[in-house]
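Peer 1: Before I ask anything, here is the structure I am working with.
Rule-based calculations on the coordinates, nothing more; no lab input. All values reported here derive from a predicted model rather than from experimental measurement. Virtual Cβ from ideal backbone geometry, glycine too; neighbours counted across all protein chains shown.
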Amino acid sequence: MNLKIQFDCANINWDLVSGTLKMVGMATYAAEIHKKAFENSHTVVFIFDDDRLIGFGRAISDGAYQGAIYDVAILPEYQGQGIGRMIVDSIKKSLQNCNLILYAAPGKEQFYEKLNFKRMKTGMALFCNAADMQKRGFTE
Ligand SMILES: CC(C)(COP(=O)(O)OP(=O)(O)OC[C@H]1O[C@@H](n2cnc3c(N)ncnc32)[C@H](O)[C@@H]1OP(=O)(O)O)[C@@H](O)C(=O)NCCC(=O)NCCS
């Protein structure tokens, strides 16, 4: 592997972002919606193996004391090789004085526990697609 890390949205193929999210079973939108989400984020991280986009993640933040992590995804064949940790560590470094929250995909909580995240006892969400999120195991 010849890993490269990119901290901006220059020359990103948004169809690949959408396709990767779909491939790993995460919520997907049209490519231009993902472009808007990443471009409006405080921190973006893209990982390439040579020129191939293999993983990414992002955080929205006030840049002062609060941040939230979204869209952490690694191509299946690259999972389990420390790349997810690399992405989350980069976000943590970029937002060092911030509390970081997220909601893990059901079944992926242990990945974040490995990275020292703790389960929240009072997390609340008002999802646009509330019934679907409940069905998928995100809410009670
Ligand atoms: C979940 C995901 C981001 C993890 O990335 P990754 O590159 O595979 O994980 P890493 O190799 O960096 O793993 C870091 C640590 O977490 C552990 N880990 C990773 N995925 C795990 C899982 N699903 N369950 C339990 N532990 C896990 C690893 O064993 C490793 O532990 P170690 O440091 O003791 O060896 C990646 O598997 C993925 O993209 N999955 C599909 C999309 C998804 O569910 N994203 C998360 C949305 S919240």
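Peer 1: Considering only DSSP beta bridges where both residues belong to region 3-102, give the percentage that are antiparallel (nearest 5).
Peer 2: Details: 17 of 20 bridges.
Beta bridges within region 3-102, antiparallel portion: roughly 85 percent.
Peer 1: For a quick protection proxy, order the peptides 65-72, 92-99, 11-18, 114-121 by their average other-Cβ count within 10 Å, most packed first.
Peer 2: Order by mean packing, descending: 65-72, 11-18, 92-99, 114-121.
Peer 1: Please report, in debye to the nearest 20, how large the charge dipole of region 3-102 is about its Cα centre when each Lys and Arg carries +1 at its beta carbon and each Asp and Glu carries -1 there.
Peer 2: With only Lys, Arg, Asp and Glu charged at Cβ, the dipole is about 220 debye.
Peer 1: Against the globular-protein guess of 2.2 N^0.38 Å, express the Cα radius of gyration of the chain as a ratio, rounded to two decimals.
Peer 2: Expressed relative to 2.2 N^0.38 Å, the Cα Rg reads 1.02.
Peer 1: Identify which of ALA130, ALA37, ALA73 has the largest mean-square fluctuation in a Gaussian network model of the chain, with springs joining Cα atoms closer than 10 Å.
Peer 2: ALA130
Peer 1: What is the spin-label model distance, in nm, from LYS22 to LYS93 if the labels are put 7 Å beyond Cα along the C-beta direction?
Peer 2: A separation of 3.3 nm, rounded to one decimal place.
Peer 1: Students often get this wrong, so check it: of LYS4/LYS36; LYS92/LYS114; LYS4/LYS92; LYS108/LYS135; LYS22/LYS108, which have C-alpha atoms separated by over 20 Å? Don't skip to the answer; put the middle values down first.
Peer 2: Details: LYS4/LYS36 23 Å; LYS92/LYS114 14 Å; LYS4/LYS92 18 Å; LYS108/LYS135 17 Å; LYS22/LYS108 16 Å.
Result: LYS4/LYS36 exceed 20 Å.
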